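Take a look at the structure set out below.
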Amino acid sequence: MCLVFVFATVASAYTAPTAFASQITARSLTLQPVGTVGGSTPGGVVNHAYQFTLPNTGTPNVGSIKFLYCTTAADPTGGNACVAPTGMSVTGANLGTQTGATGFSGTFGGTFSNNDATAVSRVNGFYITRTAASIPVNTVVTYLVQNVTNPTTVSDGVNSGTFFVRISTYTSTNATGSPIDTGTVAASTANQIQLQGIMPESLVFCTGQSVTVNCASVTNGLILFDQLFSSTATATATSQMAASTNAQGGYIITVNGPTLTSGGNNIPAIGGTATTSAIGTGQFGLNLKLNTTPAIGAEVSPAPNGTSTKGQARTGFSTVNSYRFQAATVDTVAASDSGGAGATNSQVYTVSYIVNVSGNQAPGTYTTTLTYICTPTF
């Protein structure tokens, strides 16, 4: 499952009307995620990151800053009443990092003045406090408030998930008295967007004269040896195959089929023991290597690395200039499960074929049909 969370960063133009107070500028509140909980998740316990600019100089000093979560930017009746957003709580919150004006500690929940002639238990408000000190003019400050419980209301066409935080600075150390500067920020909870997709068990396998690594292009058809069979030279041919799987047990690739035949005549299969090419001796064999005698083939590409690409030729087919083929026998030529490997991205194998014949080999058109099977273990 893939979860995508919506984070809200909203700077508001709302300002609570407070007499004789200057306006806090460049205000923003970012709802930050915690773990897998998105920052704007309704009812989510997340972090609230504040940033704003304090316009006043060092007179008067600042001893506390109050943050009050409300359903409105200001009291529409003209007072200072604040209605807590549904589900909102800061009782478990704490003050994290702070910059610009530092040295504050947090007082969360509890009872403090709301500047509306009441003193009530507030789960939707807190203040930070320090020994009163001056702050340079137009100081940009940041405060990270951790483990805030978001409001549970979301914007759904009927309800509004928007809430407001009224910010005030004070000379006092307990957020009482007349505020120095004030300002309001807005933020909103929102429904999470959940995305889901399914990756099924997968095996991609193809064979042909030539193939691309992802099997998007495959050239099929009759594969011809590079020359007429002769007791004085080795005839060669190649085919390719590509494989990938997400099977944790990996895959194995087998080959089976008869040796080359023409009517009642045949070219002897090399057998189960890997053997070098011997001109003048009847041989039909194959391997999955870049060979020099004769010059034929290629290494598996991309090369196995034990992590993203794990396929490799199996014993008997993995030695340069040594070839093997057992007629009418199922033989494993490659695998991605060797040494505990498994799921792998796609790789291209080049199969090299050789034919040697003796001087008395009967004339004719010799053919065979080989079947490669890729079996994953899920």
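The values are calculated or read from the model by the stated rules, or taken from the named source; none is laboratory data. Because the structure is predicted, anything quoted here is derived from the model rather than measured. With ideal geometry, Cβ positions are generated from the backbone for all residues, glycine too; neighbour counts draw on all protein chains shown.
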Worksheet item: Here are some residues: 221, 280. Which one is on the phi > 0 side of the Ramachandran plot, more than 31 Å from the chain's Cα centre (by Cα), in contact (Cβ under 8 Å) with a residue 40 or more places away in the chain and part of a loop (DSSP other than H, G, I, E, B)?
Response: 280
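Table: residues versus (1) assigned to a strand (DSSP E or B); (2) assigned by TED's automatic domain parsing to the domain that holds residue 261; (3) within 26 Å of residue 221 (Cβ to Cβ).
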site	(1), (2), (3)
308	no, yes, no
317	no, yes, yes
321	no, yes, no
355	yes, yes, yes
369	no, yes, yes
372	yes, yes, yes
Worksheet entry | One residue from 269, 328, 278 being modelled with pLDDT under 95 and under 26 Å from residue 367 (Cα atoms) | 328
Worksheet item: Looking at (1) under 30 Å from residue 345 (Cα atoms); (2) at pLDDT 95 or above; (3) small (Gly, Ala, Ser); (4) out of contact with any strand residue (DSSP E or B) (no Cβ under 9 Å at 6 or more places or on another chain), can you tell me which one residue 263 breaks?
Response: (1)
Worksheet, complete the sentence: Going through the stretch 281-308 in order, the residues found to be at pLDDT 95 or above and more than 18 Å from residue 355 (Cβ to Cβ) are 290, 298, 299, 300, 301, 302, 303
Worksheet item: Is there a residue in the stretch 116-126 that is modelled with pLDDT of 85 or more and in contact with a strand residue (DSSP E or B) (Cβ under 9 Å, 6 or more places away or on another chain)?
Response: yes
Fill in: Matching residues, the stretch 218-229, being farther than 16 Å from residue 285 by Cα and surrounded by 15 or more Cβ atoms within 10 Å (Cβ to Cβ)
218
Worksheet, complete the sentence: Among (1) out of contact with any Asp or Glu (no Cβ under 9 Å at 6 or more places or on another chain); (2) over 14 Å from residue 251 (Cα atoms), residue 332 falls short only on (2)
Item to complete: For the stretch 127-151, enumerate the residues that are part of a loop (DSSP other than H, G, I, E, B) and crowded, with 17+ Cβ neighbours inside 10 Å.
Response: 135, 150, 151
Practice prompt. Would you kindly identify the strands (runs of 3 or more DSSP E) lying entirely within the stretch 155-217 that contain at least 3 residues that are surrounded by fewer than 16 Cβ atoms within 10 Å (Cβ to Cβ)?
Written response: 193-195
Worksheet entry | In the stretch 224-245, the residues that are closer than 20 Å to residue 288 by Cα, in contact (Cβ under 8 Å) with a residue 40 or more places away in the chain and of a type outside the set (Val, Ile, Thr) | 225, 235, 237, 239, 240, 241, 242, 243, 244
Worksheet, complete the sentence: Counting only residues that are more than 24 Å from residue 42 (Cα to Cα) and modelled with pLDDT of 85 or more, the stretch 60-96 contains a total of 5
Worksheet item: Out of curiosity, is residue 237 surrounded by 18 or more Cβ atoms within 10 Å (Cβ to Cβ) and assigned to a strand (DSSP E or B)?
Response: no
Worksheet item: What number goes with the only condition from (1) among the polar types (S, T, N, Q); (2) over 18 Å from residue 352 (Cβ atoms); (3) outside any loop (DSSP other than H, G, I, E, B) that residue 248 does not pass?
Response: (3)
